Amino acid sequence: MTEQDKKFSLVTDARYLALLIPSIRLVQWLSTGSMMSYVENERFFGIDVAPHPEGGIILSAQSRFSWVMVRDPKGSVTEPANIVFPKQFLKACRRPKFRSMVTENQETYEVKESVPAFMLPALVHVFYCGAYICGRENPPEDHDGSGLYSCRAKMDETEQDPWTVFIRKREIKSPKIWEIVTAAPAAKTNSIITTEAMRLVSDTMAAHSREFFDDPLTVWSLEEFKSSHANPAFRAQCKGAVEIIISVAQANLEALKGGAA
């Protein structure tokens, strides 16, 4: 390990990692079902992290037919990397479920105060030998900070285990893809969106609603787009306080008809 490796640092909000869980689950679904295939699949795709040209970072996860990207405007990373998080680490990034109450009119609502602030995931810090998740506030009896989850990290893969964060420095294309998908003009083609792709979009939207429950500016759009860099595809964009882009491949309707024949 070099001295440069020891300077690696990623700081981001746990909620942004939680937004990528549906994409990681999609990779699991696409695997053959065996544990080894799942581990290898997840390790191959991982989560890409790279600086955003306008500040902050882009976190992204991809499968064979999808690319989910989210921008953390306050995040930072010393250099682009592909990071594989243990499943339990990602699970700890999700907001705990609020307790439900019922009104006199039999309407159900969530009680936000049922989960104390120190139990809500906040900053995630990953460095060359460890990673941890902090709570939003300190517990009343703890003035040194709230640690919700921690594990070791490695910058090599000589020893592969499911409880370690693996950091692999490499060239990351997410910033360029973000620029292409955002700038590409809308188009209308004879294509459809597949069930799996639509489920990914729906699950990511649900994750956004759960993690950013206090965001009142959420506006989602779904449209086809065409670019000289790639085949036509669908893009779903969140244009609220959180910037999210989901790019999914299309299924050509005529090709499907031909296959059915």
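Tabulated values for the structure
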{"quantity": "Rg over Rh, two decimals, the stretch 91-139 (C-alpha only, Kirkwood Rh)", "calculated": "1.19"}
{"quantity": "HIS125, HIS52, ranked by accessible area, largest first (probe 1.4 Å)", "calculated": "HIS125, HIS52"}
{"quantity": "Virtual paramagnetic centre 7 Å along Cα→Cβ of PHE213, amide N under 19 Å, in the stretch 74-103", "calculated": "91-103"}
{"quantity": "Protein-only accessible surface order, largest first, of ARG199, ARG168 at 1.4 Å", "calculated": "ARG199, ARG168"}
{"quantity": "The stretch 79-156: relative contact order in percent, alpha carbon pairs under 8 Å with at least 6 residues between", "calculated": "22"}
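The values are calculated or read from the model by the stated rules, or taken from the named source; none is laboratory data. Predicted, not measured: the structure shown is a model, and the values here were computed from it. Positions of Cβ are backbone-derived with ideal geometry, glycine not excepted, and every protein chain shown enters the neighbour counts. In case anyone asks, the SASA skips ligands and DNA or RNA and just uses the protein heavy atoms, side chains included. Shrake-Rupley method; radii C 1.70, N 1.55, O 1.52, S 1.80 Å.
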